[in-house]
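Here, each number is a calculation from the coordinates, and none is a lab measurement. Fair warning: this is a prediction, and the values are worked out from it, not measured in the lab. Here the Cβ positions follow ideal geometry from the backbone for every residue, glycine too, while neighbour counts run over all protein chains shown.
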Amino acid sequence: DRAREASAAGARRRMPLRIWALAALALMIMLCEGVANDWSALHLRRVLDAPAATAALAYGAFATTMTIGRLLADRVAARLGPVAVLRYGASAAALGMAAAALSPWIPLALAGWAVFGAGLSGCIPQLFSAAGHADRDAAGVNVSRVAGIGYLGMLAGPAAIGALTGVMPLNVTFFLPVACCVAAAAAAGVLRQRAGTADTVPGTAEDAAEQRCG
């Protein structure tokens, strides 16, 4: 018991490399969410000259698909594995954001924002879940670390886009979240459970799905 308590205390003091990686991914994904929250409607208004009522649909499209995706994320992750959810979700989000940024047509831009929300929807739940399962004795600490650093991205994303608009058009600045999504997709393997971790159960359907999709 003493050894376990000492191990838990050490885990609370140190932030393992894997938790740093999960936190960095959370920061990038939540940066993307922050950009959509603050700039999606302004994008249609300023870049595509949409009426105010139409421009508001951009955030509505993003928020609707994000909400639906969050409700379905656990079922999808149970079937395909968290690696696939992050990899393909972030890839879809990158494509949606690029389509919105480059589109000269309002309907296509709205569709791009909708795909962006759908792609991002399952990413953060998988990152938080991985942080909680990385070390059962320090689960709460690790989740709070990943969530806290992730929320810095939520705050920094809109500010970063605002700063970039001083040197480039608004739609071009959206390639910052595109780059974040591409990086997250490339690093999705960090979600894969390592052999011997406390909460790993060899031979489960989820592990098999991760091996197929990851």
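Among the residues of the range 54-64, how many are within 15 Å of ILE124 (Cβ to Cβ) and surrounded by fewer than 19 Cβ atoms within 10 Å (Cβ to Cβ)?
Number of matching residues: 1.
Could you check the range 43-53 and list, in sequence order, the residues that are part of a helix (DSSP H, G or I) and exposed (fewer than 15 other Cβ atoms within 10 Å of the Cβ)?
ALA52, ALA53
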